[in-house]
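Taking it in order: structure first as structure tokens, then the write-up.
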Amino acid sequence: MSKTLIRKKILKIRRLKKNKKNIKFNMIYSLIKKVNNLRKKVVGGYYPVNFEIDDLEILKKLEKKKIKVSLPVIKKNFAMNFIKWSFKDPLNVNRYGIPEPSKGNNVYPDILLVPIVAFDNKKNRLGYGAGYYDRLINLVRKKKNILTIGLAYDFQEVKKIPISKYDQKLDYVVTNNSILK
């Protein structure tokens with residue numbers, strides 16, 4: 001099945017299910033607490049839209065543990081930066097209707113929580129099709145180690161995601177019920 005067809009099918013299911021099951025904080029924390037000097041690292045999250053898994057509670061709990069968090073800001077030419085952010089900081093709505101930090105320092109996340117449209121058991125990810133996350137992950141991997149954790153519902157798993165040379169495989173996929181290592 002093509003990426004376009006998979007995307008269309010899974011987004012329709014996700015919209016119809018309007019799932020409210022979230023990922024338990026301990027599932028994510030069990031993966032990231034192994035990172036050396038965690039309090040000196042930055043976790044990149046996202047502001048959930050379009051019935052994505054909500055990572056805001058995870059980010060809030062990380063911030064309470066004195067772990068720095070960041071959110072993406074969409075740039076021109078399908079690029080995005082991550083800005084260090086706190087729940088006290090204001091957000092602006094971008095051209096896609098997604099809240100993002102209005103100002104702050106650019107950071108390269110050490111740990112990245114990635115929204116997923118669909119995934120397979122090899123940890124290949126399908127997004128919305130613009131390649132923002134693939135470009136960012138590729139850029140950061142050239143500069144330093146990054147731990148990538150995709151977040152999805154179980155029903156978003158498909159048999160096989162068609163991949164290209166630009167697609168970046170994830171380190172883990174965490175669903176509302178399990179961790180794919």
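Tell me yes or no: at least one residue of segment 158-166 is out of contact with any Lys or Arg (no Cβ under 9 Å at 6 or more places or on another chain) and among the aliphatic types (A, V, I, L, M). No, that holds for no residue. Quick one: in segment 1-36, of everything that is more than 17 Å from Val69 (Cβ to Cβ) and hydroxyl-bearing (Ser, Thr, Tyr), which residue is surrounded by the fewest Cβ atoms within 10 Å (Cβ to Cβ)? Taking the candidates together, the pick is Ser2. Within the option set Gly104, Gly97, being touching a strand residue (DSSP E or B) at 6+ places or on another chain (Cβ under 6 Å) and either assigned to a helix (DSSP H, G or I) or surrounded by fewer than 20 Cβ atoms within 10 Å (Cβ to Cβ) (or both) holds for one residue only, Gly104.
Filtering segment 144-160 to residues that are open to solvent by 90 Å² or more (accessible area, probe 1.4 Å) and within 17 Å of Asn36 (Cβ to Cβ) leaves only Asn145. The residue that is surrounded by the most Cβ atoms within 10 Å (Cβ to Cβ), counting only those in segment 76-94 that are within 17 Å of the chain's Cα centre (by Cα) and within 15 Å of Asp134 (Cα to Cα), is Phe82. Scanning segment 37-55 for residues that are among the aromatic types (Phe, Trp, Tyr), closer than 26 Å to Pro162 by Cα and either open to solvent by 20 Å² or more (accessible area, probe 1.4 Å) or in a helix (DSSP H, G or I) (or both) turns up just one, Phe51. For segment 107-143, a residue qualifies if it is open to solvent by 50 Å² or more (accessible area, probe 1.4 Å) and either in a loop (DSSP other than H, G, I, E, B) or aliphatic (A, V, I, L, M) (or both), and the qualifying residues are Tyr108, Asn121, Lys122, Tyr128, Gly129, Leu139.
Checking Lys34, Lys12 one by one, the residue that is on the phi < 0 side of the Ramachandran plot, assigned to a helix (DSSP H, G or I) and charged (D, E, K, R) is Lys12 and no other.
The values are calculated or read from the model by the stated rules, or taken from the named source; none is laboratory data. Every value quoted in this text rests on a predicted model; they were computed, and no experiment measured them. A quick note on method: Cβ atoms are made from the backbone with ideal geometry, for glycine too, and the neighbour counts reach across all protein chains shown. What goes into the accessible areas is simple: the full protein's heavy atoms, side chains included, and nothing from ligands, DNA or RNA. Shrake-Rupley method; radii C 1.70, N 1.55, O 1.52, S 1.80 Å.
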